[in-house]
1. List the pairs whose first member sits in region 61-86 and is under 24 Å from Ser141 (Cβ atoms), whose second member is hydroxyl-bearing (Ser, Thr, Tyr), and whose Cβ atoms are under 7 Å apart, counting only residues at least 6 apart or on separate chains?
2. Regarding region 108-116, can at least one residue be identified that is among the charged types (D, E, K, R) and assigned to a strand (DSSP E or B)?
3. Being surrounded by fewer than 13 Cβ atoms within 10 Å (Cβ to Cβ), out of contact with any strand residue (DSSP E or B) (no Cβ under 6 Å at 6 or more places or on another chain) and not in a strand (DSSP E or B): is that true of Thr89 here?
4. Out of all the residues in region 105-150, which are among the polar types (S, T, N, Q) and modelled with pLDDT of 90 or more?
5. Looking only at region 104-158, count every residue that is of a type in the set (S, T, N, Q) and within 13 Å of Gln69 (Cβ to Cβ) and tell me the total.
6. List the number of the failed condition for Ile104; all other conditions in (1) assigned to a helix (DSSP H, G or I); (2) over 20 Å from the mean Cα position of the chain (by Cα) hold.
7. If I filter region 78-85 for residues that are assigned to a loop (DSSP other than H, G, I, E, B), out of contact with any Phe, Trp or Tyr (no Cβ under 7 Å at 6 or more places or on another chain), at pLDDT below 95 and among the small types (Gly, Ala, Ser), do I get at least one hit?
8. Suppose the filter is surrounded by 15 or more Cβ atoms within 10 Å (Cβ to Cβ) and either closer than 23 Å to Val97 by Cα or touching a helix residue (DSSP H, G or I) at 6+ places or on another chain (Cβ under 6 Å) (or both); does Arg68 pass it?
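The values are calculated or read from the model by the stated rules, or taken from the named source; none is laboratory data. Bear in mind the structure is a predicted one, so any value in this text is a computation, not a measurement. Cβ coordinates were reconstructed from backbone atoms using ideal geometry, including for glycine residues, and neighbour counts include every protein chain displayed.
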Amino acid sequence: MNSAAVAQVIPLLQPADRRQAAYYRAELEERQALVDDEIAVCYAALGACKGRGDLRGVHRIGQVIRDRQKEQFELHRLREALRRRFFPTQATPTPPVRCFDVEITRDGSWWRIGIPDLDDVTTARHHGSAEMPARERIAFSTATPIAQVAVRIVGDHG
């Protein structure tokens with residue numbers, strides 16, 4: 001949207017709509033901070049479990065981290081949608097995004113997603129849904145928010 005179009009749209013917003021959007025933006029930012037803290041605590045606990053050789057704990061905490069990262073990603077998307085809709089002229093710093101190449105191959109009724117940079121593998125049920133499991137695995141393995149991970153399919157052997 002160009003600046004002239006933005007200038008025409010913003011006056012059409014009701015003041016109450018902008019106040020409500022600002023309220024929800026603050027709520028989302030607060031929840032984002034809590035989720036970020038939860039993830040940091042979980043990574044510390046994950047390290048402790050690995051140190052003790054507690055494989056069940058590693059698996060359980062790993063699942064909690066993945067769930068929180070999904071929530072973190074959804075919060076990021078909601079905040080961006082609010083910003084674009086109600087505050088388009090406000091510049092926001094964009095976090096750096098790291099792109100990983102992934103290779104997808106058929107593995108029975110599943111799809112195997114290889115992540116060569118991490119020497120790691122994950123799976124997806126459907127070829128078209130391979131991006132998110134790859135991003136989740138990379139985010140978990142690198143302790144990076146999902147919003148800062150991109151994937152590029154370089155090998156597609158289906």
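1. Ile65/Tyr43
2. So in region 108-116, the residues among the charged types (D, E, K, R) come out as 112.
Filter again for assigned to a strand (DSSP E or B), leaving 112.
Yes, region 108-116 contains a residue that is among the charged types (D, E, K, R) and assigned to a strand (DSSP E or B).
3. Working: surrounded by fewer than 13 Cβ atoms within 10 Å (Cβ to Cβ): yes; out of contact with any strand residue (DSSP E or B) (no Cβ under 6 Å at 6 or more places or on another chain): yes; not in a strand (DSSP E or B): yes.
Yes; evaluated as a whole, the condition is true for this residue.
4. Kept after step one, since they are among the polar types (S, T, N, Q), are these residues of region 105-150: 105, 109, 122-123, 129, 141-142, 144, 148.
Within region 105-150, Thr105, Ser109, Thr122, Thr123, Ser141, Thr142, Thr144, Gln148 qualify.
5. Filtering region 104-158 down to residues of a type in the set (S, T, N, Q) leaves 105, 109, 122-123, 129, 141-142, 144, 148.
Keeping just the survivors that are within 13 Å of Gln69 (Cβ to Cβ) gives 141-142, 144, 148.
Residues that pass the stated criteria total 4.
6. (1) is the only condition that Ile104 fails.
7. In the first step, residues of region 78-85 are kept if they are assigned to a loop (DSSP other than H, G, I, E, B); the result is none.
Looking for residues that are assigned to a loop (DSSP other than H, G, I, E, B), out of contact with any Phe, Trp or Tyr (no Cβ under 7 Å at 6 or more places or on another chain), at pLDDT below 95 and among the small types (Gly, Ala, Ser), one finds none in region 78-85, hence no.
8. On the way: surrounded by 15 or more Cβ atoms within 10 Å (Cβ to Cβ): yes; either closer than 23 Å to Val97 by Cα or touching a helix residue (DSSP H, G or I) at 6+ places or on another chain (Cβ under 6 Å) (or both): yes.
So Arg68 passes the test.
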